[in-house]
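Q: This structure is in C-alpha cells; I'll ask about it shortly.
Each reported figure results from applying straightforward, stated rules to the coordinates on display, with no laboratory input. Everything numeric in this text was worked out from a predicted model, so none of it was measured. Every residue, glycine as well, gets a Cβ built from its backbone with ideal geometry; the counts of neighbours run over all protein chains shown.
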Amino acid sequence: MYYGNLLRKYFLLIIGLLMAASFMGSVLAKSGQQVIEKRKNPIRDSEKTTDEVFKNIKVMNGQPASQLVPAMHFFEAALGFNCGNCHVRGSGEHDWDFAKDDKPEKRRTREMMTMMNAINKESFKGEQLVTCFTCHKGSPDPTAIPALMTASSMKEKNNKPDEEEVIKIPNRLGTAEEIISTYQQAIGGKEAFEKITSLKLEGKADMGNGRESSVSVFEKAPNLYFSETKSPQGTMQRVFNGEAGWFKSQQFQRKFEGDDLRDLKLSSDFYAPLNFTKNYSDLKLENVQLLDNDTVYAIEGTFSKYRRFEFFFDTKSGLLLRQIQYSHTLFGDLQIQTDYKDYRNVDGVLFPFELDISDYEHAQKFRYDAITPNAAVDDKIFEEPGK
Ligand code: HEC
Ligand code: HEC
C-alpha cells in the first residue's frame, strides 16, 4: 500500500550519508523495499502533521509527519524488533498495511508511548530521560531482576583499572575552539588542505556479513559528491550537486529531502575538518575521557533541530578518532558512530584510510586502498543520475 515507501527509508538515509556510502546494500537486500521506494513520498513534500498524512494515529497526533518513521526506527532499536513485529502485511508481496491495529504489540505500544511520556512529564520535568530503551534494552521483555555475576565477568570487574587512575587530564584544558584548531593543524593545516580541491577515493566496504563491496568516491570542493558501491547484489550511487542529492540503485532512484538532504549536504562538505564552527553551533568541551587506550577530548556540537554530534579528539596527536551522530526521534535518540583510523599523508594532509561505522543494526568497515588528490573529474557525475 501507499505508505510502504517509508519502509526503512529513514534508516537507509541516515546511514547512507556517511562518508563511504554502502550501508544501503545490506539494507536494501533485506526485503522487497526496492519496489516500494520508487513511488513518490508524500511525507517529505511539506511539513504536514501525522494526522494529515496517516490514517490511524492515536498517540503521535499533531507531530510533524516526517518524524513518524524515525520514531518507528527507534522502536525497532529499543526492542530488537522490525516493522513486522507490530505491523501486518497488505495484499501485495511487498505491501504493508501499517494503519491496521491487528497486532497486540502495536496496541500495547500505544499504551507504552503514553506511559513513557507521562513518566518524563511527571518525574523528569518533561525531559526525555526515560525512553523505551531505558526499560527494554533491545528486548521486548524487560527484566526486573539484576543479572547474576559470572566467573569471567567477576574477573573482568576486578582487573579493570579505575578510569580515573588511567586517564591523564592535560594540565590546561583548552576550549573547544582551541582543540579543533589543534586538530586542523595536526591534519596539515588550512593552507595545505586548500591546495587540494578534489579527491578520488577507492577501496572496499566490508558489510559485516561476509559480503564485500568495492567503493569509489569522487569529492570536489566546495561540496560536490559522488559515490558508487558495487557488490554482487548490485550497484548503488549517491550524488550531491551542491543543492540536491539522489540515491540510485538498480531498482529505483530517489531524491533526498528534509533532514536527509541536510545530512547529505553536511557529509559532502569537502573542507568539513576546517568548517566546524560554520557547521555546528554550541560547540563545547564536555570532558576528557578514555577511548580504548587513548585519552580524548569529547566535544559536543549541534547541527540542526534533530541532529547533534560528539567528536573525540586524541589529546596526544590532536586527531579526530571518533564521531557520533545523534538523530533525535520523538521517543529517544539513535546514534551512528564512526571511528577514523590509519591516518596517512596525502599531499601534506592526513586522511583516515579506514572507517568503522556502526548503527543499531550494522557494523561495517571501509578501507581505502588509494586516495588521490586533485584527480581530474567530469562534473557531470555530480548531477542527477540518468539525466
Ligand atoms: C514496537 C511497535 C512498532 C514497530 C516496531 C513499528 N511500528 Fe509503526 N506504528 C506503531 C504504532 C503504535 C503506530 C500508531 C501510532 C499512533 O497511534 O500514534 C504505528 C504507526 C505507523 C504508521 C502510520 C500508519 C497509519 O496510516 O496510521 C506507519 C506508516 C508505520 N507505523 C510504519 C512503520 C515502519 C516502516 C516500521 C519499521 C521501520 C514500523 N512502523 C515499526 C508501532 C510500531
Ligand atoms: C518503564 C519501563 C518501560 C518503558 C519506558 C517502556 N516499556 Fe514497554 N514494557 C515494559 C514492561 C515491563 C513490559 C512487559 C510487561 C507487559 O508485557 O505488559 C513491556 C512490554 C512491551 C511490549 C509488549 C512486548 C511483547 O512481547 O508483547 C511492547 C510492544 C512494548 N513494551 C513497547 C514499548 C515501547 C515502544 C516503548 C517506548 C515508547 C516502551 N515499551 C517503553 C516496560 C517499559
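Q: At 20 °C and 1.002 mPa s, what whole-number value in µm²/s does Stokes-Einstein give for the translational diffusion of the chain, with Rh from the Kirkwood sum over Cα pairs?
A: 94 µm²/s
Q: So, counting K/R as plus one and D/E as minus one, what does the shell of residues with Cβ under 11 Å around residue 223 add up to?
A: Computed value for this residue: -1.
Q: Related question: Dividing the convex hull volume of the alpha carbon atoms of segment 84-132 by its residue count, what do you get in Å³ per residue?
A: Roughly 77 Å³ of hull volume per residue.
Q: Just want to confirm a number: the relative contact order over segment 146-267, from Cα pairs under 8 angstrom separated by 6+ residues, in percent.
A: Answer for segment 146-267 is 11 percent.
Q: With a 10 Å radius around each residue's Cβ, average the other Cβ atoms per peptide and rank 258-270, 180-192, 137-149, highest first.
A: On the way: 258-270: 20.6, 180-192: 16.7, 137-149: 8.8.
Peptide ranking by packing, descending: 258-270, 180-192, 137-149.
Q: In addition: Please arrange 100, 220, 121 by how many other C-beta atoms lie within 10 Å of their C-beta, fewest to most.
A: 121, 100, 220
Q: Per the Debye formula with a single identical scatterer at each Cα and no solvent contribution, what log10 I(q)/I(0) holds for segment 109-219 at q = 0.15 Å⁻¹?
A: Normalising to I(0) and taking log10 leaves -1.05.
Q: What whole-number distance in Å separates the alpha-carbon centres of segment 245-288 and segment 177-199?
A: 19 Å
Q: When the dipole is taken about the Cα centre of the chain, and only Lys, Arg (+1) and Asp, Glu (-1) are charged at their Cβ, what size is it in debye, to the nearest 20?
A: Values: 51 positive and 56 negative charges, 196 e Å.
It comes to approximately 940 debye.
Q: Below 10 angstrom from the Cβ of residue 373, what's the summed charge of the other residues (Lys, Arg +1; Asp, Glu -1)?
A: That sum, taken over residues with Cβ under 10 Å, equals +1.
Q: Assuming R0 = 45 Å, can you tell me the calculated FRET efficiency for the pair residue 127 and residue 100, based on Cβ-Cβ distance, to the nearest 0.05?
A: Given R0 = 45 Å and the Cβ-Cβ separation, E is 0.85.
Q: Also: How do 231, 91, 66 line up, fewest other C-beta atoms within 10 Å first?
A: 91, 231, 66
Q: Would you please give the residues with an amide H less than 5 Å from that of residue 197, counting only those at least 5 places away or on a separate chain, with H modeled from the backbone geometry?
A: Amide H to amide H, under 5 Å and 5 or more residues apart or across chains, residue 197 pairs with 374.
Q: How do 57, 336 line up, fewest other C-beta atoms within 10 Å first?
A: 57, 336
Q: Please report how far the C-alpha centroid of segment 85-119 lies from that of segment 328-378, rounded to the nearest whole angstrom.
A: So the two Cα centres are separated by 35 Å.
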